[in-house]
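Since the structure comes first, as structure tokens, the remarks are kept for the end.
The values are calculated or read from the model by the stated rules, or taken from the named source; none is laboratory data. Given the structure is predicted, the values throughout are model-derived calculations rather than measurements. Don't worry about glycine lacking a Cβ; one is built from the backbone with ideal geometry, like all the others, and counts go over all protein chains shown.
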Amino acid sequence: MNLGFRHDVQTLKWMGPLAFGLLAVISLGLLPHAVRAQDMSFDINETESSAPKGKAKGKAAPAKEAKETKEEPAEAEGGGEASAEAGGGDVLSELSAGKGKKENETDEGGLPREKEVAEKIYAVQRMYVLRSGRFELAPSMAFTVNDQYVSHNALAAGLNYWVSNVLAVGVNFLWYQGIESESALNFAVRRSARLAVPVTQYQLGGNLNFTYVPIYGKFEMFNDSIFQWDTYLVGGVGVLRTRPVAVIDPAVRTFDFDWRVAFNVGVGIRVFLTKWLTVFGELRDYIYMEKLESLTVSLAQRGEPTTWIDANSTVTNNVMMHVGFTMFFPFTFEYRYPK
Amino acid sequence: MSTMKRLAIALTTIAAVLALSGPAQTAHAQDVNVQGPLAGAPAVINMRIYRQMRFQIQGHFAMTLQDQFSRSMMVGGQLMFHPTDWLGLGVWTAFAVAKVDTSLTDQVSSKGQTAGVNVLSLPNPANFTQQIGRINSVIAPQVAFIPLRGKLGIFEKLFVDADLYAFGGVAFVGITERANVDDKQVSACKARFAANGLSDAIACYAPTQSATADRTAVAPTFGIGLSMFFADFMAFTMEWRALPFSWNTSGTDESGHPRGDYPDGKINESDRLAHFNHMITFGLAFYLPTKPKLSTAGNE
């Protein structure tokens, strides 16, 4: 719940301390009901905005908060003197301004009589982090999850620029050579079934990517700590440098690395530890056309390199799990409110 | 694995642990400095308590992952009671309704070769599917720990309550493996191989290729899951579950030699190699009583 809802509660210049006290009680009384209406609102703002106790008493807003929120009026609800001024600069006050004049009537004795305020409350929750216009650096470790025969593990780094709060464009780079490992299954199958499985080795990869954030959420832990997180979709195109590993005729065949065009799609989850530091896990499928070692050995042309590669290309899906952290630059950002 | 690889993995693991543990202090507060009336108040009030003192009855579909030779498609259920909102005790079950051979199994069946050195492991490639190991069932008494509770928005349109949980327990895994081929059988077939050649040895070993034995493997089980509550009494669940245990997935002679993982000329318990078996589960959970309580400050 955002305490901005207090701006919707009309106060009148001529109301005395009694009315002011009544409003304060009403405001406090509304607080838990508003929270209930949101089912489970534990947004950061409900704790932040509830902090200045003085606001309920109609005092001026703390300077720090006034500075942070900028366009927000210093105090639209306090003390009964701010409603007219507030109407010019605050959305919430403007929303309530039209009805405010009708909320007070006089009784038979000419004394003011308060009627029930039935304003519609707009509770706008502030995003925990603004990403638009910021850079995101994302180092990670990547593990192959779908290859039984060889693990193409890699050290990776990504750099994104967020063009909006939900869309980013970026690049990532992966280094595989020296980190890959061949599984024991290959050897076991060769020994038990006399069957060789052609495998490949990766050296490096680089991609241009787009990232979109369709899902976001928050978790609380034991009703104490709150974690903000989001799920994102990522996709792009790039290059991959691979070569076959000679298993059919290793005595003769050797292969050099060559470039492949690779597409990638993936989904990830990012948990915010601070407003500039996150941890993330990402499942990404790197799809490309692989050239594998030829399964046949031509005795007449055994030393001819053109016979070592299979004539057909094979669609290869290298599904990798990235685990790492990201840092947003600049570290801080400013909220902007509509006028 | 080379020393460099081990070092790289170790450093990465340490960095990940530090990254997760270090900022935890910061994450605890997430820049919130609570003062005033809400100082000391719980993070959430009027939260639906979906699990406390409720039974969870779940139906699910499970599928094993990264299988070398056979993938099990399973259906099952779970019954769990939650004495608190963050703890559950129950039993998880799954039974295979389909067993799908992997591409490697098809390749061995169609292209595998039998020679004198591997006639015990692969008497007849065409019948390889009869000798591979398969998971039939899983029954796992377990404890669930639900530390994280929250909500998520999908495309800014659909908002659901959710929780993240971890679980652990003991799994009794029903599996089918190739039956043991003992010294007596091997000696007889070796004699026929010496006398009549490979074709007679293949005929001798053929009955052992289709002979299977069922057993129950006891294994630790653990994993993580996500529940999305679409109603007060119903949730969609996704789980990842690990079941590490040793078994002979290929039905071949893989180990038992005094030198280590080399064939010893027999099919027996020594050929059961350690596998990090794991699976994914999608389920629909129902909660009883159907109406959850709401939390208030002081009773969480």
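Assorted remarks:
- Qualifying position, being touching a strand residue (DSSP E or B) at 6+ places or on another chain (Cβ under 6 Å) and either farther than 30 Å from B:MET47 by Cβ or facing chain B (nearest Cβ under 8 Å) (or both), among A:GLY178, A:GLY217, A:GLY133: A:GLY217
- Residue under evaluation A:TRP229, criteria (1) over 30 Å from B:PHE145 (Cβ atoms); (2) within 14 Å of another protein chain (Cβ to nearest Cβ), criterion not met: (1)
- Number of the exception - A:LEU292 against (1) buried (at least 17 other Cβ atoms within 10 Å of the Cβ); (2) within 14 Å of another protein chain (Cβ to nearest Cβ); (3) part of a loop (DSSP other than H, G, I, E, B): (3)
- Condition check for B:GLY90 on (1) crowded, with 20+ Cβ neighbours inside 10 Å; (2) over 25 Å from the mean Cα position of the chain (by Cα): one failure, at (2).
- Qualifying residue in region A:320-329 (condition: more than 14 Å from chain B (Cβ to nearest Cβ) and either in a strand (DSSP E or B) or closer than 16 Å to A:HIS152 by Cα (or both)): yes
- Enumeration of residues in region B:240-281 that are of a type outside the set (D, E, K, R) and touching a His at 6+ places or on another chain (Cβ under 6 Å): B:ALA242, B:THR281
- When B:THR221, B:THR249, B:THR212, B:THR208 are checked against the criterion of being within 30 Å of B:LYS151 (Cα to Cα), in the same structural domain as B:LEU148 (by TED's automatic domain parsing) and among the hydroxyl-bearing types (Ser, Thr, Tyr), B:THR221 stands alone in meeting it.
- Number of the exception - A:VAL169 against (1) away from every other protein chain (no Cβ under 13 Å); (2) more than 15 Å from A:ASN264 (Cα to Cα); (3) surrounded by fewer than 17 Cβ atoms within 10 Å (Cβ to Cβ); (4) not aromatic (Phe, Trp, Tyr): (2)
- Applying the criterion of being crowded, with 21+ Cβ neighbours inside 10 Å, charged (D, E, K, R) and more than 7 Å from chain A (Cβ to nearest Cβ) to the residues of region B:120-164, the residue that is farthest from B:HIS275 (Cα to Cα) is B:ASP163.
- Scanning region B:58-84 for residues that are farther than 26 Å from B:LEU104 by Cβ and of a type in the set (S, T, N, Q) returns B:GLN58, B:GLN78, B:THR84.
- Residue within region B:229-250 that is crowded, with 17+ Cβ neighbours inside 10 Å, without any contact (Cβ under 8 Å) to a residue 60 or more places away in the chain, touching a helix residue (DSSP H, G or I) at 6+ places or on another chain (Cβ under 8 Å) and not small (Gly, Ala, Ser) present: no
- Of all residues in region B:251-300, those being surrounded by fewer than 16 Cβ atoms within 10 Å (Cβ to Cβ), touching a residue at least 60 places away in the same chain (Cβ under 8 Å), in a strand (DSSP E or B) and of a type in the set (A, V, I, L, M) number 4.
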